[in-house]
Amino acid sequence: MRLLCYTLELVSSDASFSLPRFFETIRKLLVKETAQTKVCATETAQTEVCATETAQTEVHKGMARKRGKFYRRNLPHWHPPGATFFITWRLYGSMPKSAIEQIQESRRLLEQEVTQLNESDEQRKIRHFKKLFALYDSLLDKAESGPFWLKEGSVAAVVEEALLQRYSAMYHLWAYVVMPNHVHVFLQPKVAQTSVCESSAQTEVCATPKVAQTSVCADDSAEQAEYIPLEKITQSLKGYSALEANKILSRTGQSFWQDESYDHWARDETEFYRIIAYIENNPVKAGLASKPEDWPWSSAAERKRRGYNEIRALT
């Protein structure tokens, strides 16, 4: 349109009009138009990039507003504040390649399943996790090869001491078991501010099982409190026990624990007690003991040693 208007204006106003001059003028104008178009395109693209970055920033801000910790190694981990976590970690090299491939194949088949009627995405993920974890734990219990360093009483004692004493200020420990090649722990991170509960009576209240929040004596809700990060707890427990166990086994400097840990948080009180029963019954299921309290490296045995007749926090 601009070219047409310019042509009409040139023809009507310029007595010395000639075709060569006309075409040269049109060529220059086209070059100018092309350059301006490129600039506009660049500015548009930059605007779109900025819009995308703004949208991403808003998403991240939204995730930050939703309290909790999310991190990923090989597995995704979502850690809502104040939850009680069922954690499992195993010895380095304790699962053969064939077992890992079996788990991967089971995961692939589960992903191909048709969603169940009225099942939410979260419910589906939890159901898949439980099935895969049951297979994972069964393969560890039935393992006939690989390291079994935790069979050594002195090595198992290192893990138990770390759980019950060395790092007990970081969490409420509800259940644990040290198996020959893996460990199950059920714990609740404590609030980072140790002054929340001031009296001994309040401290007793805080040591009762809470699925969604640790302290009922705090003025702030679980969403507002700052809890000791679960990854810090597992790093402390695994790091110390690996160092001490390797000293006992004369294998200093070598990997002891597999890096990855499985964790799952209890959604309600029913699941809370079901997890405790699962952990403490693991030696019985694996054929290592006739009763849960007969396995010495467990919360069931520890409660018996302390004379507890009910479920209560051990730390």
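The values are calculated or read from the model by the stated rules, or taken from the named source; none is laboratory data. From a predicted model like this one, the values you see are computed outputs, not experimental measurements. Positions of Cβ are generated from backbone atoms using ideal geometry, with glycine treated the same way; all protein chains shown enter the neighbour counts.
Taking (1) in a helix (DSSP H, G or I); (2) at pLDDT 85 or above; (3) not acidic (Asp, Glu) in turn, ALA201 satisfies each apart from (2).
ALA175: of a type outside the set (Lys, Arg), loosely packed, with under 15 Cβ neighbours inside 10 Å and over 19 Å from the mean Cα position of the chain (by Cα), yes or no? No, not satisfied. Being assigned to a loop (DSSP other than H, G, I, E, B), over 18 Å from GLN235 (Cα atoms) and in contact with a helix residue (DSSP H, G or I) (Cβ under 6 Å, 6 or more places away or on another chain): is that true of PRO180 here? Yes: the conditions hold for PRO180.
Pairs linking a residue in segment 263-288 that is outside the structural domain of TRP174 (by TED's automatic domain parsing) to a residue that is of a type in the set (Val, Ile, Thr) and surrounded by fewer than 19 Cβ atoms within 10 Å (Cβ to Cβ), with Cβ atoms under 8 Å and 6 or more positions apart or on different chains, do not occur.
Does THR214 satisfy the condition of being modelled with pLDDT under 50 and surrounded by fewer than 22 Cβ atoms within 10 Å (Cβ to Cβ)? In short, no.
From the list GLN112, GLN102, the lone residue that is touching a residue at least 24 places away in the same chain (Cβ under 8 Å) and not acidic (Asp, Glu) is GLN102. Tell me yes or no: at least one residue of segment 179-191 is over 21 Å from the mean Cα position of the chain (by Cα), of a type in the set (S, T, N, Q), surrounded by 16 or more Cβ atoms within 10 Å (Cβ to Cβ) and more than 22 Å from ASP259 (Cβ to Cβ). No; the residues of segment 179-191 include none that is over 21 Å from the mean Cα position of the chain (by Cα), of a type in the set (S, T, N, Q), surrounded by 16 or more Cβ atoms within 10 Å (Cβ to Cβ) and more than 22 Å from ASP259 (Cβ to Cβ).
Every residue, every condition in (1) small (Gly, Ala, Ser); (2) assigned to a loop (DSSP other than H, G, I, E, B), yes or no:
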site	(1), (2)
THR115	no, yes
ASN118	no, yes
ARG124	no, no
LEU132	no, no
LEU135	no, no
LEU150	no, no
SER154	yes, no
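Restricting attention to segment 130-142, the residues that are over 21 Å from the mean Cα position of the chain (by Cα) and surrounded by 20 or more Cβ atoms within 10 Å (Cβ to Cβ) add up to 1.
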